[in-house]
Amino acid sequence: RLGALMVIERNEVLDSYYREGLELDRLPVVPELVVSMMQPPGPLHDGALVIRNDRLVRASTFLPLAEYTRFKLKLGARHRAALGLAERSDAVVVVVSEESGDFRIAHEGQLDGPHSEEILREELLRLTGNA
């Protein structure tokens with residue numbers, strides 16, 4: 001299975017939260033490009049992919065982590081990173097579990113899901129104002 005972490009910025013520009021990674025030159029969001037960036041063992045597969053105004057702006061970026069103490073469930077680093085940014089900003093963060101293949105959405109300090117592909121699509125459209 002393929003794990004993934006994708007940040008969709010909304011109103012706030014979040015550059016101060018991103019660590020390391022590669023700054024991109026505002027590439028178009030093309031499914032084949034996104035999938036190729038997430039494929040191991042490629043150099044960009046670790047960390048988050050950041051989307052701003054329908055453009056890819058960063059890849060392989062590390063996010064602030066949420067604290068373990070709040071959770072009843074054990075969360076891995078990818079899920080903690082998604083929730084950590086959602087706690088600090090208005091971003092919508094999609095996380096795909098490498099272990100289970102589940103899709104979850106972190107926003108407004110919460111982690112929702114798991115979602116089917118159809119529900120994920122509907123929720124992303126609603127949360128980004130494209131519904």
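Just a few scattered comments:
- Sulfur and carbon atoms: percent of accessible area, the stretch 35-131 [1.4 Å]: 50
- Formal net charge of residues neighbouring Asp54 (Cβ-Cβ distance under 11 Å; K, R +1; D, E -1): +2
- Measuring nothing but how far apart in sequence close Cα pairs (under 8 Å, 6+ apart) lie, relative to its length, the stretch 25-123 scores a relative contact order of 16 percent.
- Span from the the stretch 1-79 Cα centroid across to the the stretch 87-113 one, whole angstrom: 11
- Rounded if a/c under 1.5, otherwise prolate or oblate - the stretch 1-66, Cα gyration tensor axes: oblate
- Accessible surface computed residue by residue for the stretch 1-101, with neighbouring protein chains in place and a 1.4 Å probe, gives 56 Å² per residue.
The values are calculated or read from the model by the stated rules, or taken from the named source; none is laboratory data. Quick caveat, the model's predicted, so the values are computed rather than measured. When we count neighbours, we look across all protein chains shown, and the Cβ atoms used for this are built from the backbone with ideal geometry, even at glycine. Just the protein is used for accessible areas: all its heavy atoms, side chains included, with ligands, DNA and RNA removed. Shrake-Rupley method; radii C 1.70, N 1.55, O 1.52, S 1.80 Å.
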